[in-house]
Every structure is written in C-alpha cells, then in structure tokens.
Amino acid sequence: MFDTLTLQKQLVEAALPSGFERGVGKVLAELAAPFADEVSSDALGNVICHKKGTGDKIMLAAHMDVIGFMVTFIDEKGYLRFETIGGHTPAFLHRTPIRFENGLHGVIMCENWADESKKNLNDVRLNSLYIDIGAGSREEAEKLVSIGDVAVFSGEPCEQNGMVLTPYADNLVSCIVLLKTMEALKSSPYDLYFVFTAQEEVGLRGAGTAAYGIHPDMAIAVDICGTGDTLSQSDAYLDVKLGKGATVKIRDASLICNPQMVEFLRKGAERASVPYQDEILLSGGTDAGSIQRVHGGILSGGVSIPTRNTHSPREIYSLNDVEGAVKILVSSLSE
Ligand SMILES: [Zn+2]
C-alpha cells in the first residue's frame with residue numbers, strides 16, 4: 001500500500017521546477033501504471049492515466065511541478081544570479097539552502113543584508129540576491145553549473161505527531177492523494193482520467209492543455225490550500241485549519257467552482273462520513289481555473305489539503321487530512 005511519507009520523500013527527491021517536471025512525471029507514471037488502463041503524456045509533459053469506464057468523463061488534476069530557481073548569470077567571483085520560477089517573495093529567500101538537478105548544493109544570500117533588511121521586506125529585490133556554491137571564480141563555477149540550470153529548495157521530509165514537514169507539499173502531496181485514490185478505488189461508474197499536470201506554478205498552463213485534449217464532463221483539481229491558523233495577518237480570514245479535514249473548494253483567485261461540483265464533492269464526503277472544511281481561498285489559484293474555461297466550459301471543482309507556510313521550504317500538512325481527501329474522492333467517484 002502507498003505510504004504518504006515514503007512517497008513524499010521519493011517525489012521530493014525527483015522534484016524540479018515548472019517546465020522541468022519530466023523526472024517526477026516519470027516516477028509518477030510508474031507508480032500509477034498498475035492502477036490505470038493506459039498511461040500517456042503530451043507535449044507539455046502532463047502525465048495522463050486513464051482508468052476506463054462507460055459513464056461521464058471526470059478529469060482529476062494534481063500539478064507535479066514545483067516552484068524553484070533558474071541560473072541566469074555567473075559573475076567573476078563565481079556567484080550565480082538567478083530568476084525565480086513560480087511565486088517567491090525575494091526577502092524570504094535570504095539564507096535558503098537549495099539543490100540543483102545534478103546534485104550540486106548552494107545557498108541563496110543577499111548582498112548588503114544589513115541595508116536591505118531595513119527596507120520594507122516586500123521591497124527587497126531579486127537582483128540583490130545571489131547563489132553561493134562555494135566557487136572562487138567564474139571558471140570554477142562554470143565547471144559545476146551552467147546558465148539555464150534549475151534548482152529547488154533542499155530539505156528532507158519528516159513526520160512528527162501526525163504532521164509532515166517538507167518542501168513541496170505544494171503540490172506533491174496532492175499527487176500522492178491521486179495515487180492513493182487510484183489504489184483505493186474498487187469500481188466507478190465514470191470514465192476517469194487522473195492527470196499529473198505540468199507548469200501550474202507559472203500560470204496553470206499544463207492543466208488547460210490536458211483538459212482540452214481529454215474534454216471531460218467534470219473536473220476536480222487537487223491542490224494544497226493555505227490555513228487561517230497561522231500568525232500571518234494575511235491568513236486571518238481563512239476559515240480552514242490544519243488537521244480538521246480536507247477541503248471542498250468553493251472559490252479561489254482562479255475560479256468560482258460550479259455549485260454542482262461543490263455539491264458532488266460534499267455528498268461524497270457525507271456518504272463516507274468524512275469531516276471536510278469549506279474552502280474560500282483569498283489569493284492563489286489552482287488547475288481547475290484553467291480547466292473550467294476550455295471547450296464550451298467544464299464543470300469544475302476542487303479538493304485541497306490544508307497546508308501551513310505555503311511556498312516555504314517547510315510546508316506542513318496533516319496525514320489525517322490526506323486520508324480524508326482520499327476518502328472524499330473515492331466516495332465521490334464510486335457512485
Ligand atoms: Zn499548488
């Protein structure tokens with residue numbers, strides 16, 4: 001049986017930023033293959049697992065790309081300048097350990113941090129940040145890394161007290177939810193497509209393409225959502241708590257879910273007697289936002305895993321919420 005922490009470790013190891021997610025796609029395709037009739041991929045790198053049925057087509061989407069960094073310039077001293085991939089706040093990146101695709105490690109530092117930190121932290125600019133890989137010159141650095149190379153947060157997932165602390169809960173945990181749903185689903189009246197999507201973090205790009213190809217009747221995006229139980233003021237009016245159940249999405253910044261889909265998922269949760277939370281996410285979006293708008297429009301909704309500290313190297317989610325999400329999906333797809 002799929003174990004969440006084991007899978008989280010395996011996927012974190014393979015994870016790369018948007019546009020470079022083929023490695024993790026390959027791992028996911030292999031893990032999903034025993035539970036699918038057909039596994040394919042498209043030009044954007046979406047991995048599409050088809051579990052054939054005769055009823056309405058339902059597409060489930062979980063993005064497998066993660067946020068990260070791309071080297072843009074190597075200076076005389078051997079320090080690297082970079083561009084971000086996906087949503088980062090530059091000031092938060094100071095002193096962040098990172099790992100390149102080839103296994104090289106580095107740390108993001110900020111020039112003149114003493115001056116920079118006196119500013120409003122939102123004003124800290126990306127161009128004051130650099131990556132230190134321990135090289136002493138451009139020649140030395142160029143032996144280790146090239147312009148265009150990509151990097152991710154470095155860090156090992158761990159579990160304590162039923163919670164998983166890890167880089168890239170967003171959104172590898174939802175890829176795990178899809179795998180566990182495929183494993184647990186005995187039979188379904190639907191024609192099911194489980195899709196691990198590419199390039200969500202740079203504008204929900206892969207999911208729209210996949211949905212155009214599949215042309216489902218309904219779609220469910222599985223993603224993480226923020227929680228209102230942190231000390232961050234921007235989360236203050238989020239009525240979602242860590243560990244109190246997966247959420248059924250009502251809206252976020254990318255879509256207003258079709259009420260039919262909210263009902264469909266709530267009914268699934270109620271049939272399975274699983275607690276769930278209503279999700280209204282004030283900022284941030286998910287794959288359903290692009291799926292909903294293809295062809296003549298696709299009925300779209302979402303299930304999310306409450307996650308603290310999103311887009312940080314230590315996101316936190318609850319193992320119970322993962323099990324809850326799987327139960328909601330299995331129950332919804334079974335009838
Ligand atoms: Zn996400």
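The values are calculated or read from the model by the stated rules, or taken from the named source; none is laboratory data. These numbers come from a predicted model, not from an experiment. Counting neighbours? That spans all protein chains shown, and the Cβs are built from the backbone with ideal geometry, glycine included.
Conditions (1) at pLDDT 90 or above; (2) on the phi > 0 side of the Ramachandran plot; (3) out of contact with any Leu (no Cβ under 8 Å at 6 or more places or on another chain), marked per residue:
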position	(1), (2), (3)
Gly106	yes, no, no
Leu121	no, no, yes
Tyr130	yes, no, no
Arg138	yes, no, yes
Ala141	yes, no, no
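Looking only at region 173-195, how many residues end up being touching a Pro at 6+ places or on another chain (Cβ under 9 Å) and either buried (at least 19 other Cβ atoms within 10 Å of the Cβ) or within 18 Å of Asp287 (Cβ to Cβ) (or both)? So the answer is 2.
Each row is one residue, and each column tells you yes or no for (1) assigned to a helix (DSSP H, G or I); (2) more than 16 Å from the ligand (Cβ to nearest atom); (3) polar (S, T, N, Q).
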position	(1), (2), (3)
Leu265	yes, yes, no
Gly284	no, no, no
Ser290	yes, no, yes
Val294	no, yes, no
Ser312	no, no, yes
Ala325	yes, no, no
Val330	yes, yes, no
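At pLDDT 95 or above, on the phi > 0 side of the Ramachandran plot and not charged (D, E, K, R), is that true of Asn171? So Asn171 does not fit the description; no. What are the residues in region 1-43 that are touching a Ser or Thr at 6+ places or on another chain (Cβ under 8 Å) and surrounded by 19 or more Cβ atoms within 10 Å (Cβ to Cβ), if any? Within region 1-43, Gln8, Val12, Gly25 qualify. All conditions but one from (1) assigned to a loop (DSSP other than H, G, I, E, B); (2) modelled with pLDDT under 95 apply to Glu76; the one that does not is (2).
Among the strands (runs of 3 or more DSSP E) confined to region 135-215, the ones with at least 2 residues that are within 16 Å of the ligand (Cβ to nearest atom) are located at 150-153, 163-166, 191-197. Within region 1-28, the set of residues being in contact (Cβ under 8 Å) with a residue 60 or more places away in the chain and hydrophobic (A, V, I, L, M, F, W, C) comprises Met1, Phe2, Leu5, Leu7, Leu11, Val12, Ala15, Leu16, Phe20, Val24, Leu28.
Please work out if Gly245 is in contact (Cβ under 8 Å) with a residue 60 or more places away in the chain, buried (at least 18 other Cβ atoms within 10 Å of the Cβ), farther than 25 Å from Gly297 by Cβ and within 12 Å of the ligand (Cβ to nearest atom). Against the criterion (in contact (Cβ under 8 Å) with a residue 60 or more places away in the chain, buried (at least 18 other Cβ atoms within 10 Å of the Cβ), farther than 25 Å from Gly297 by Cβ and within 12 Å of the ligand (Cβ to nearest atom)), Gly245 does not qualify. Any residue in region 106-113 that is more than 25 Å from the chain's Cα centre (by Cα), free of Cβ contacts under 8 Å to residues at least 12 places away in the same chain and not in a loop (DSSP other than H, G, I, E, B)? No: region 106-113 contains no residue that is more than 25 Å from the chain's Cα centre (by Cα), free of Cβ contacts under 8 Å to residues at least 12 places away in the same chain and not in a loop (DSSP other than H, G, I, E, B). Look at (1) over 25 Å from the mean Cα position of the chain (by Cα); (2) modelled with pLDDT of 95 or more; (3) not assigned by TED's automatic domain parsing to the domain that holds Val222 and you find that Cys158 fails only one, number (1). Filtering region 52-99 down to residues that are of a type in the set (D, E, K, R) and closer than 21 Å to Glu315 by Cβ, which residue is surrounded by the fewest Cβ atoms within 10 Å (Cβ to Cβ)? Of everything passing the filter in region 52-99, Arg95 is surrounded by the fewest Cβ atoms within 10 Å (Cβ to Cβ).
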